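The values are calculated or read from the model by the stated rules, or taken from the named source; none is laboratory data. Note that the structure is a prediction, hence the values are computed from the model and not measured. All Cβ positions, glycine included, derive from the backbone under ideal geometry; neighbour counts span all protein chains shown. Just so you know, the surface numbers come from the protein's heavy atoms only, side chains and all, with ligands and any DNA or RNA stripped out. Shrake-Rupley method; radii C 1.70, N 1.55, O 1.52, S 1.80 Å.
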Amino acid sequence: MQAESKRRSPKMPEPTLYSALLIDGQLVAGEGLVEAIINPASGEVLTRIAEASLEQVESAVQAAHRAFAGWSRTTPAQRATALLAIADAIEQNAEQLARLESLNCGKPLHLARQDDIPATADVFRFFAGAVRCQQGQLAGEYVPGHTSMVRRDPVGVVASIAPWNYPLMMAAWKIAPALAAGNTLIFKPSEHTPLSILALAPALAQILPAGVLNILCGGGEGVGSQLVGHPRVRMVSLTGDIVTGQKILQSAARTLKRTHLELGGKAPVIVCNDADLDAVIQGIRTHGYYNAGQDCTAACRIYAQAGIHDRLVAELGDAVASLRFARKKDADNEIGPLISARQRDRVASFVERALGQPHIERVTGAAVHSGAGFYYQPTLLAGCKQGDEIVQREVFGPVVTVTRFDQLSQAVDWANDSEYGLASSVWTQNLDKAMQVAGRLQYGCTWINTHFMLASEMPHGGLKRSGYGKDLSSDSLQDYSVVRHIMARHGLQLD
Ligand code: NAD
C-alpha cells in the first residue's frame, strides 16, 4: 500500500518527453512538419514533435531493406532473445511509459499502469515463445523421387501504421509478430500519440541491429501514404478507420503489396431474458465505456430481449451515470476524455442526430462535459431501431445504444446486419443457446457472458469491413510470413 501511494505522489517528476525518431539505429530529430502533441485531459500542448521528412522516410525504408538480409537469417531463438529484452525494457520503464500513455491519451494513470503496460510486455513475451514452436505440414515424397518441404519465410520490409487508442499496445501488436517472423519494419504511430513509443526508442536502438525497426512520426496523408506507396515496402499493416483501410488498399494495389487491416467495429451485445442481469450491467458499464469507448470491440450495440429490456435500461442507466471521470485524483477516474476536440465533437454530433429521432430516448449523458479537456458524458440511448445511424455506425466514444427484441433469431439477424464484423457477445445462462448464437454470429470474436477480454494466445481480427488478418496469437505470425515449397529431386536411387 505504501509503495502504491508513493507512486501516486503528485511530487513525482514529469516523464521525459523524447522526440527523436529511430532511423537505421540512430536517434535523430525529425526534419518535416512540426506537430503539437496535446494532453486531451487538459487541452494543453505537451510538446512539439517534428515529423519525418520525405528524405527520412526514404532513409528508413532503405535501412530496413538493408537490414532484412541479416535479420531474416537470424534463428528464432535469436529473435526471441531480442523480443524478451524489449519486454524487459518495457517493464523496467513501466512507470515512465504509463505516465506518458496517460498524458498523451488522457487515460487514467492507474489504468495505464495496470492494463496497457503489462499487456504490452506480454505481447512481446508471447511472440518470443511462439516463434520457437511453430508447426506445419510434414515433409515427404509427394511426387516419387522428390522430397518436398514447406518453409515459412518473412515477407520483407513491413510498414506498420497504428491508431491512437492504445498507442503502446498497438505498437506491440504490430512490431512483435513482424519482428518475430523475421521481417524488418518501419513503424508509424498515430500523429496524436507518439510519446510512449518514442520513449522506448533508445532501448529499442540498443536491443535491435540497425535498421531492423525504424520509427517515424508523421501524419497519414504524408509519412503514412509515402510508406504505403514505397516500392521497397512489401507489406502494410494498418489498425485504423475503414476509410483509411480503403485508401491504403487502393495505393497498395499499385505495387501489389500484402495488406493486414484491422479496421473499425460496432460490437453487438445480445442479452437474453435469462441472462444474469447484474453481470450484464457490470459488464457493459465496464466494457462499453472503457477507454471512453474508443475501442473497436466496445460493447456498444445492445439487443435486449423484451423480458429483461426495461430492467436493463433502468439499471444500466444508473450504472452508467455513476461512471467517474474528469476528477482531480487519478485513482478516482474510471475513464478519460476523447483523444481530441474533433473526436469529441464527432461523438456529440452522432448523439445529437440520434436524439433528433422521436423514438430514441436519452437515458443518461448525451452532453459535452463542461470542464477542461475533451470529455463527453458517458451516454446511454434506448428505443433505438436497427436502421438508425447510431446503431449502424461506429461512434468510437462513450455511447451505448439499446434495441428491444422478441425472438432470438431476430437479434442474431440484426447483430449480423452490420458492415462491421470484429467483436460480439451473447449473455444467457443457457449454454445451448449461447453456443448456437455464437456459431451464427459473423464476427471475428464472440464472447459468452463477458465482453472485451483478450489473450495474447488467441487471434484478434475482423470480418467484413472490419478488415482481415489476425493480431495476437500464432495466426499473426502466419500473416507476417509467407509459405514456400522446397522440392528436391533425388539424384540417387538406393534400390
Ligand atoms: P485512422 O484511420 O484515422 O488512423 C490510423 C493510422 O492511419 C494513423 O497512424 C494515421 O496517421 C494513419 N493514416 C491515416 N490516413 C492514412 C493514409 N492515407 N495512408 C497511410 N496511413 C494513414 O484511425 P484512428 O482515428 O487513429 O483510430 C480509430 C480507428 O481505428 C477506429 O475506426 C477504430 O475502430 C480503429 N481501430 C481498430 C482496431 C482493431 O483491432 N480492429 C483497434 C483499434 C482501433
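Anything in the range 288-305 that is away from the ligand (no atom under 12 Å from the Cβ) and surrounded by fewer than 24 Cβ atoms within 10 Å (Cβ to Cβ)? List them, or say none.
Pass one, the range 288-305, residues away from the ligand (no atom under 12 Å from the Cβ): 288-290, 292, 299, 301-305.
Across the range 288-305, the qualifying residues are Y290, Q305.
Quick check: anything in the range 341-359 open to solvent by 60 Å² or more (accessible area, probe 1.4 Å), of a type outside the set (K, R), within 16 Å of the ligand (Cβ to nearest atom) and closer than 28 Å to I38 by Cα? Yes, some residue in the range 341-359 is open to solvent by 60 Å² or more (accessible area, probe 1.4 Å), of a type outside the set (K, R), within 16 Å of the ligand (Cβ to nearest atom) and closer than 28 Å to I38 by Cα. Pairs meeting the criteria (first residue in the range 207-221 and closer than 20 Å to D88 by Cβ, second residue at pLDDT 95 or above and aromatic (F, W, Y), beta carbons under 7 Å, at least 6 apart or on different chains) are P209/W71; V212/W71; L213/F187; I215/F187.
Using beta carbons and a limit of 6 Å, which pairs, at least six apart or on different chains, have the first residue in the range 173-193 and assigned to a helix (DSSP H, G or I) and the second one among the basic types (K, R) and modelled with pLDDT of 95 or more? Close Cβ pairs (under 6 Å, with a partner that is among the basic types (K, R) and modelled with pLDDT of 95 or more) amount to A180/R79. Answer yes or no as to whether A438 is small (G, A, S), under 16 Å from the mean Cα position of the chain (by Cα) and buried (at least 17 other Cβ atoms within 10 Å of the Cβ). Judged against the criteria, A438 is not a match.
Among (1) in a helix (DSSP H, G or I); (2) open to solvent by 10 Å² or more (accessible area, probe 1.4 Å); (3) farther than 25 Å from I37 by Cβ; (4) touching a helix residue (DSSP H, G or I) at 6+ places or on another chain (Cβ under 8 Å), there is one condition R132 misses while meeting the rest; what is its number? Every condition holds for R132 apart from (1).
Of all strands (runs of 3 or more DSSP E) completely enclosed by the range 231-281, which ones contain at least 3 residues that are under 23 Å from V400 (Cβ atoms)?
Details: elements: 233-239, 258-262, 268-271.
Output list reads 268-271.
Kindly indicate whether A205 is more than 10 Å from the ligand (Cβ to nearest atom), assigned to a helix (DSSP H, G or I), open to solvent by 20 Å² or more (accessible area, probe 1.4 Å) and farther than 29 Å from L338 by Cα. Here the answer is yes, as A205 does meet what is asked. K188 meets all of the listed conditions (1) touching a His at 6+ places or on another chain (Cβ under 9 Å); (2) open to solvent by less than 10 Å² (accessible area, probe 1.4 Å); (3) of a type in the set (K, R) but one, namely (1). What is the residue count in the range 208-229 for residues that are within 16 Å of Q250 (Cα to Cα) and either open to solvent by less than 20 Å² (accessible area, probe 1.4 Å) or assigned to a strand (DSSP E or B) (or both)? Number satisfying all stated conditions: 3.
Note on the range 26-51: residues that are under 16 Å from F187 (Cβ atoms) and touching an Asp or Glu at 6+ places or on another chain (Cβ under 7 Å) total 3.
The residue that is nearest to the ligand (Cβ to nearest atom), among those in the range 253-274 that are open to solvent by 10 Å² or more (accessible area, probe 1.4 Å) and of a type in the set (A, V, I, L, M), is L263.
For the condition assigned to a strand (DSSP E or B), touching a residue at least 40 places away in the same chain (Cβ under 8 Å) and within 16 Å of the ligand (Cβ to nearest atom), what is the one hit in V400, V363, V395? On inspection, the qualifying residue turns out to be V400.
Have a look at N449, N430 and point out the one that is more than 16 Å from the ligand (Cβ to nearest atom) and in contact with a strand residue (DSSP E or B) (Cβ under 8 Å, 6 or more places away or on another chain). If you could, list the steps in order and put the result at the bottom.
Values: N430 fails: in contact with a strand residue (DSSP E or B) (Cβ under 8 Å, 6 or more places away or on another chain).
Criteria check complete, one pass: N449.
Do we find that G32 is modelled with pLDDT of 95 or more, more than 25 Å from the chain's Cα centre (by Cα) and crowded, with 18+ Cβ neighbours inside 10 Å in this structure? For G32, the condition - modelled with pLDDT of 95 or more, more than 25 Å from the chain's Cα centre (by Cα) and crowded, with 18+ Cβ neighbours inside 10 Å - is met.
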